[in-house]
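The block underneath contains the structure these notes are about, expressed in structure tokens.
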Amino acid sequence: MAKYARSAPTIQAEREASDDPFAMATLVSARLAQANRPPGGHTTVVPRPPTRALPALVEPLSERELEIVRLIADGMTNQQIADRLHLVVGTVKVHNHHIFGKLGVSNRVQASARVRELNLLHS
């Protein structure tokens, strides 16, 4: 078929719709749907892969890690968390690394989402 050739359903719809562009669009859509139906008129349903259940934590978060991940979920920066908990930023970063490993995530946004999924924010 040539690059810009019109299909038979399109030509037929053009004849039926005459000068009404909205009617033509409707007819072209319907004709193309009919032309693309497999024999027997049934459409093929592709099954979705099963959803993967989230694994539970391999190791529970410590009280300090819970405190920090809750502050992360509140949108606080490492510096703000350090100031709030009277820590140096490096210590917060080490806690973040441990938290991310235990949650199986690689960043703060994923950590926040994961603790929400696990209902750990208001325990």
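What follows is calculated from the coordinates using simple rules that are stated; it is not laboratory data. Here the structure is a predicted model, which is why all the values come from computation and not from measurement. In this analysis, Cβ positions are derived from the backbone assuming ideal geometry, glycine residues included, and neighbour counts consider all displayed protein chains.
Before moving on, here are some points about what is shown:
- Output for the range 68-96, where each listed residue is of a type in the set (Gly, Ala, Ser), part of a helix (DSSP H, G or I) and surrounded by fewer than 18 Cβ atoms within 10 Å (Cβ to Cβ): Gly90
- Leu61 meets the conditions (1) part of a helix (DSSP H, G or I); (2) within 21 Å of Ala113 (Cβ to Cβ); (3) more than 24 Å from the chain's Cα centre (by Cα) in every case but one. The failed one is (1).
- Note on the range 97-123: among residues that are under 16 Å from the mean Cα position of the chain (by Cα) and of a type in the set (Val, Ile, Thr), the one that is surrounded by the fewest Cβ atoms within 10 Å (Cβ to Cβ) is Val109.
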